[in-house]
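Below: one structure, written as structure tokens.
The values are calculated or read from the model by the stated rules, or taken from the named source; none is laboratory data. This one's a predicted model, so the numbers in the text were calculated from it and none came from an experiment. Don't worry about glycine lacking a Cβ; one is built from the backbone with ideal geometry, like all the others, and counts go over all protein chains shown.
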Amino acid sequence: MLFDNRSDEYLAATKPHNSATTQHPARVAVISTPADLPAALEDVAALERTSGRKYEVAIQATGHGAGAVIDDNVVLFDTSRLDGVTIDPQTRIATVGAGATWGSVNAAAERYGLLGLAGSAPTVSVSGYTFAGGIGWLVRRDGLASGSLRRVHYIDGGGRFRIAADDATEEVDRDAIWAFRGAGGVGIAHTLEFDLAPVENLHAGMLLWHGSSLSELVTAWKRGIALVGPSVSTSLAVMHVPPVPPFPEELYGSVAIHLAIADPDGQAGAAPLLDAMRAVATPVADTWGPTDAVGLARIHLDPPGASPAVGDARWLDAHAPEVAERLMEAAAADGSPLVMVEIRHVAGAPTRRDGAVVAPPGAFIYHAVGSLILAERDRIDAGLEALKVTWADADTGVIPGSWLESAAIAPSTLRDDVLTRARSIADEIDPDRRIHRSRLLGSPGE
Ligand SMILES: Cc1cc2nc3c(=O)[nH]c(=O)nc-3n(C[C@H](O)[C@H](O)[C@H](O)COP(=O)(O)OP(=O)(O)OC[C@H]3O[C@@H](n4cnc5c(N)ncnc54)[C@H](O)[C@@H]3O)c2cc1C
């Protein structure tokens with residue numbers, strides 16, 4: 001059954017977490033079970049027959065990755081109700097519905113001392129994040145989330161059920177799992193199987209300082225990250241602090257330096273960095289300590305509700321520490337239209353499996369975000385453009401596929417050979433192009 005714009009189902013499905021773009025699909029299909037997928041494709045075919053028009057199918061679990069044009073040429077498949085989560089503590093494998101969020105997966109996994117390779121926000125779904133690479137707080141020890149993906153149960157453009165796996169009988173399904181690991185996905189997934197990581201001594205936290213110590217803190221961060229343990233991940237950010245909790249009141253409306261830091265292997269590895277930065281200036285907030293999945297999901301201070309974000313991101317090479325101060329100074333400037341500018345340290349992340357993007361193309365990531373609530377799109381775009389000169393010397397030229405808020409396409413995420421192969425796999429799985437290509441595979445104009 002397809003829902004039109006007078007229904008509650010339509011209204012709920014067209015409220016993406018990233019509300020920078022509005023969505024006006026021709027119809028919405030609510031997918032509650034795997035069997036609903038081929039049935040919904042049939043419904044789309046019936047709509048095409050009666051209307052004499054062609055429709056593309058776009059998939060949305062949470063809309064954190066919203067940005068593609070969703071207009072009356074599109075039927076939107078809302079997969080958020082595919083939210084089942086099963087954890088096998090013996091094999092350390094999670095089997096989850098394609099709409100499951102990291103918050104629900106990790107709440108279940110941590111009962112067994114395990115976690116999935118979640119990113120900063122618990123409301124993100126496993127699917128879009130993992131299919132686009134997925135960079136989380138365990139990345140330096142356990143790699144990208146795409147490398148933890150074992151199998152994807154999916155349908156192709158003809159509505160046939162298939163299983164993408166390395167040991168699949170048919171080559172197309174062996175190719176499909178390669179593409180699901182970082183090329184944004186091919187086909188429509190309904191169930192994912194992936195590895196969980198043992199996390200028995202998780203420590204994490206966030207520290208906030210007044211922006212007045214920016215230069216000294218960046219210097220201490222540069223010194224500290226060279227000394228931390230191999231499983232310590234960090235994000236160093238400049239924030240223009242909004243006047244809302246959980247930010248401390250004394251920082252409301254000012255520039256703050258933010259460190260998010262996590263180590264699944266205890267507290268010792270982070271000490272050199274924490275000691276160096278605390279010695280420079282006393283933090284206004286400091287939550288470092290033993291924690292759980294909920295605590296881990298708080299350290300990045302992401303807004304909990306829908307927000308109209310516009311962003312930019314790039315993999316940076318080992319020169320990132322050299323450009324950090326200039327970047328952070330520019331981000332802290334009065335009147336900046338960007339609310340957050342960060343550098344993440346992800347060096348040494350291992351590669352677990354073969355796939356389109358399973359190894360970080362750089363040791364660091366630059367990521368910047370503006371909010372349309374606070375600034376016009378033109379100003380945010382100009383702010384992002386102006387920052388480029390500050391990180392250009394560390395640029396790898398590669399975009400982290402998961403992290404490009406409100407982008408319609410992001411093809412420069414993939415190396416040319418990877419893009420060519422992934423596009424040809426998508427064409428084989430969906431020769432009639434019934435399914436909207438992931439933004440990583442899209443071409444300008446799509
Ligand atoms: C607050 C916030 C924090 C974030 N933190 C991180 C982070 O720490 N690390 C990181 O790497 N990224 C992070 N991201 C980026 C995030 O990974 C992407 O936005 C991702 O696309 C979200 O996936 P989703 O499924 O929740 O989103 P959706 O918008 O629902 O889906 C995004 C895309 O995934 C594909 N997709 C989704 N479901 C299916 C399916 N069933 N079958 C086939 N394709 C499907 C589709 O192409 C869809 O357009 C963050 C984003 C936000 C807004």
Exclusive hit being within 16 Å of the ligand (Cβ to nearest atom), part of a loop (DSSP other than H, G, I, E, B), on the phi > 0 side of the Ramachandran plot and not charged (D, E, K, R), set 402, 438, 406: 406
Entirely in the stretch 162-267, the strands (runs of 3 or more DSSP E) that have 3 or more residues that are in the same structural domain as residue 343 (by TED's automatic domain parsing) and touching a Ser or Thr at 6+ places or on another chain (Cβ under 9 Å): 203-210, 233-240, 255-263
Members of the stretch 126-143 found to be in a helix (DSSP H, G or I) and near the ligand (Cβ under 6 Å from one of its atoms), listed by number: 127, 128, 129, 131
Breaking point among (1) surrounded by 14 or more Cβ atoms within 10 Å (Cβ to Cβ); (2) in contact with a strand residue (DSSP E or B) (Cβ under 9 Å, 6 or more places away or on another chain); (3) in a helix (DSSP H, G or I), for residue 103: (2)
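Answer yes or no as to whether residue 217 is over 23 Å from the mean Cα position of the chain (by Cα), surrounded by 17 or more Cβ atoms within 10 Å (Cβ to Cβ) and either within 30 Å of residue 255 (Cβ to Cβ) or not basic (Lys, Arg) (or both). I'd like the intermediate steps shown before the answer.
On the way: over 23 Å from the mean Cα position of the chain (by Cα): yes; surrounded by 17 or more Cβ atoms within 10 Å (Cβ to Cβ): yes; either within 30 Å of residue 255 (Cβ to Cβ) or not basic (Lys, Arg) (or both): yes.
Yes; evaluated as a whole, the condition is true for this residue.
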Of all residues in the stretch 1-25 being over 25 Å from residue 304 (Cβ atoms) and within 27 Å of the chain's Cα centre (by Cα), the one that is surrounded by the fewest Cβ atoms within 10 Å (Cβ to Cβ): 24
Members of the stretch 1-60 found to be at pLDDT below 95 and in contact with a strand residue (DSSP E or B) (Cβ under 6 Å, 6 or more places away or on another chain), listed by number: 18, 20
Answer from 86, 95, 123 - the residue that is within 20 Å of the chain's Cα centre (by Cα), surrounded by fewer than 24 Cβ atoms within 10 Å (Cβ to Cβ) and more than 9 Å from the ligand (Cβ to nearest atom): 95
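Yes or no, residue by residue, for (1) buried (at least 17 other Cβ atoms within 10 Å of the Cβ); (2) away from the ligand (no atom under 15 Å from the Cβ); (3) modelled with pLDDT under 95; (4) in a strand (DSSP E or B):
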| residue | (1), (2), (3), (4) |
| --- | --- |
| 277 | yes, yes, no, no |
| 282 | no, yes, no, no |
| 300 | yes, no, no, no |
| 310 | yes, no, yes, yes |
| 315 | yes, no, no, yes |
| 318 | no, yes, no, no |
